[in-house]
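What follows is a single structure, written as structure tokens, with notes after it.
The values are calculated or read from the model by the stated rules, or taken from the named source; none is laboratory data. Since the model is a prediction, treat every value here as computed from it, not as a measurement. Cβ: placed from backbone, ideal geometry, glycine included. Neighbour counts: every protein chain shown.
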Amino acid sequence: MVGCMILRSFLGAVVAAGLSLTGAVAGEAARPIVVELYTSQGCSSCPPADALLGQLAKRPDVLAMSLPITYWDMLGWKDTLANPENTARQKSYSKAMGKGGIYTPQIIVDGLTDVVGSRDAGVKSAIAARKADEMTVPILLKPDGHEVHVSIGSGKLASGKPADATVWVFHILSSATVAIGRGENEGRTMTYRNVVRDLKPAGAWKGEALAIDLPRHDPTDPPHDTLAVVVQQGGYGRVLGAAFISRPDYASR
């Protein structure tokens with residue numbers, strides 16, 4: 001489960017070196033640091049990273065997400081949780097970061113830091129560094145009977161550059177257990193935490209307050225029990241804001 005099974009909103013304090021915000025509430029908890037693990041059931045190097053992601057998923061100060069990719073499928077085992085959107089997102093990060101290619105297990109912290117996913121110390125150091133340099137757009141998620149109302153505060157970049165951020169919506173399954181029948185992990189039964197089953201852009205944040213209504217249940221959505229919203233500069237750059245909501249306040253039916 002992503003954190004506790006309650007509504008969570010994360011409204012950060014103003015950071016002089018980062019964002020100048022309106023709508024921030026003094027004393028509110030800081031937003032979670034976004035950790036994305038790119039992994040595959042067919043990758044023998046991935047289980048330690050999957051275990052680390054499971055540990056991070058228990059931390060209330062982290063939004064830890066597992067994004068299974070498709071390019072290992074050709075090596076004898078089709079990942080039962082992978083989807084092309086996850087692969088496309090990892091490739092977009094590689095381009096944005098000027099990397100020469102993609103690999104598993106890869107962890108990306110807050111859209112900025114690339115770490116080998118099994119390197120516990122390196123991942124936790126990257127999370128700590130982002131906590132010391134928070135740039136936060138306040139996000140509030142409020143469900144009702146039919147929709148989840150997303151309220152994103154206003155703000156501006158300290159650099160003076162126009163804010164040009166994508167609002168991403170992630171549908172997440174908190175736990176999935178898979179018996180792997182072939183490939184490098186043949187014979188293993190793995191439990192994956194906070195698996196991204198679907199992701200899509202839901203709008204653009206240009207520095208002004210923004211409200212978006214998301215359907216609480218859409219029959220086209222894959223099975224999931226958690227919804228996360230991430231505001232990310234340029235689509236694949238610095239994370240500016242994040243929030244999530246989990247059962248019992250939000251659930252697929």
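If the condition is being of a type in the set (S, T, N, Q) and closer than 26 Å to Ala30 by Cα, then segment 59-89 contributes only Ser66. A single entry from Thr87, Thr80, Thr104, Thr70 fulfils the requirement of being in contact with an Asp or Glu (Cβ under 8 Å, 6 or more places away or on another chain) and modelled with pLDDT of 95 or more: Thr70.
Residues checked against (1) of a type in the set (A, V, I, L, M, F, W, C); (2) within 16 Å of Val231 (Cβ to Cβ); (3) touching a Gly at 6+ places or on another chain (Cβ under 9 Å); (4) at pLDDT 95 or above:
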| position | (1), (2), (3), (4) |
| --- | --- |
| Asp114 | no, no, no, yes |
| Thr136 | no, yes, yes, no |
| Val150 | yes, yes, yes, yes |
| Lys156 | no, yes, yes, no |
| Gly160 | no, no, no, no |
| Ala165 | yes, yes, yes, yes |
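Would segment 173-189 turn up any residue that is among the acidic types (Asp, Glu) and more than 25 Å from Trp72 (Cβ to Cβ)? The answer is no, given that none of the residues of segment 173-189 is among the acidic types (Asp, Glu) and more than 25 Å from Trp72 (Cβ to Cβ).
With respect to the conditions (1) over 19 Å from Ala176 (Cα atoms); (2) of a type in the set (Asp, Glu); (3) touching a residue at least 24 places away in the same chain (Cβ under 8 Å), Asp50 falls short on a single one, namely (1).
Here the condition is being free of Cβ contacts under 8 Å to residues at least 12 places away in the same chain and surrounded by 15 or more Cβ atoms within 10 Å (Cβ to Cβ); of Val150, Val115, Val123, Val137, it holds for Val115 alone.
Among the conditions (1) buried (at least 18 other Cβ atoms within 10 Å of the Cβ); (2) under 15 Å from the mean Cα position of the chain (by Cα); (3) within 22 Å of Gly234 (Cβ to Cβ), the only one that Ala57 does not satisfy is (3).
Among the residues making up segment 73-83, those that are touching a strand residue (DSSP E or B) at 6+ places or on another chain (Cβ under 9 Å) and touching a residue at least 60 places away in the same chain (Cβ under 8 Å) are Thr80, Leu81, Asn83. Of the listed requirements (1) small (Gly, Ala, Ser); (2) buried (at least 17 other Cβ atoms within 10 Å of the Cβ); (3) more than 26 Å from Ala49 (Cβ to Cβ), Ala243 misses just one: (3).
Only a single criterion out of (1) within 16 Å of the chain's Cα centre (by Cα); (2) farther than 15 Å from Thr80 by Cα; (3) not aliphatic (A, V, I, L, M) is not satisfied by Trp205, namely (1). Evaluating Val34 against the criteria (1) in contact with a helix residue (DSSP H, G or I) (Cβ under 8 Å, 6 or more places away or on another chain); (2) closer than 25 Å to Lys124 by Cβ leaves one unmet condition, (1). For segment 173-231, a residue qualifies if it is loosely packed, with under 14 Cβ neighbours inside 10 Å, in a strand (DSSP E or B) and among the small types (Gly, Ala, Ser), and the qualifying residues are Ser175, Ala179, Ala204, Ala211.
Identify, from the list Lys142, Lys156, the residue that is over 30 Å from Thr80 (Cβ atoms), part of a strand (DSSP E or B), in contact with a His (Cβ under 6 Å, 6 or more places away or on another chain) and charged (D, E, K, R). The unique qualifying residue is Lys142.
Yes or no, residue by residue, for (1) within 15 Å of the chain's Cα centre (by Cα); (2) among the polar types (S, T, N, Q):
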{"site": "Val34", "(1), (2)": "yes, no"}
{"site": "Leu53", "(1), (2)": "yes, no"}
{"site": "Asp73", "(1), (2)": "no, no"}
{"site": "Thr87", "(1), (2)": "yes, yes"}
{"site": "Gly98", "(1), (2)": "no, no"}
{"site": "Val109", "(1), (2)": "yes, no"}
{"site": "Asp120", "(1), (2)": "no, no"}
{"site": "Ala129", "(1), (2)": "no, no"}
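In segment 153-163, the qualifying residues are those that are touching a residue at least 40 places away in the same chain (Cβ under 8 Å) and farther than 16 Å from Ile139 by Cα, and the one that is surrounded by the fewest Cβ atoms within 10 Å (Cβ to Cβ) is Pro162. Would you mind stating whether Ala209 is out of contact with any Pro (no Cβ under 7 Å at 6 or more places or on another chain), at negative phi, in contact (Cβ under 8 Å) with a residue 12 or more places away in the chain and of a type outside the set (Phe, Trp, Tyr)? Yes, satisfied.
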